[in-house]
Amino acid sequence: MKASDPRNAFYWRFVELGTINMPAHPFIRPAFDTTEELAAQVAIQRMNQAIDEVLSK
């Protein structure tokens, strides 16, 4: 797989974590940190909705 292929998920770790020759430029962790609470709320809401659907049968 080529580095320029947009489907290639191999190179993200070098950008995120850096290498011996390249400083880290985190982009995944900051994005996760800013949306963590919202993602948890949405997951809980969907689980409650699924439970309600099962119990209403």
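What follows is calculated from the coordinates using simple rules that are stated; it is not laboratory data. This one's a predicted model, so the numbers in the text were calculated from it and none came from an experiment. Reconstructed Cβ throughout: ideal geometry from the backbone, glycine too, with neighbour counts over all protein chains shown.
If you run the Gaussian network model on the chain, springs between alpha carbon atoms under 10 Å, then out of Ile20, Ile44, Ile28 the most flexible one is Ile20. Farthest toward the positive end of the dipole of the range 12-55, out of Ala50, Ile28, Ala39, is the Cα of Ile28, where the dipole comes from beta carbon charges about the Cα centre.
Site pair Ala40 and Asn8 shows an inter-label distance of 3.7 nm when each label is modelled 7 Å from Cα along Cα→Cβ. The stretch between Asn48 and Glu16 holds 8.1 nm of extra length on full extension. This uses 0.36 nm per residue minus the Cα-Cα distance.
With runs of 4+ DSSP H residues as the only contributors, calculate the mean residue ellipticity of the chain at 222 nm using -39,500 (n - 2.57) per run, divided by the residue total and rounded to the nearest 500. Working shown, then result.
Working: 2 runs with 34 residues, N = 57.
Only helices count here, giving -20000 deg cm²/dmol.
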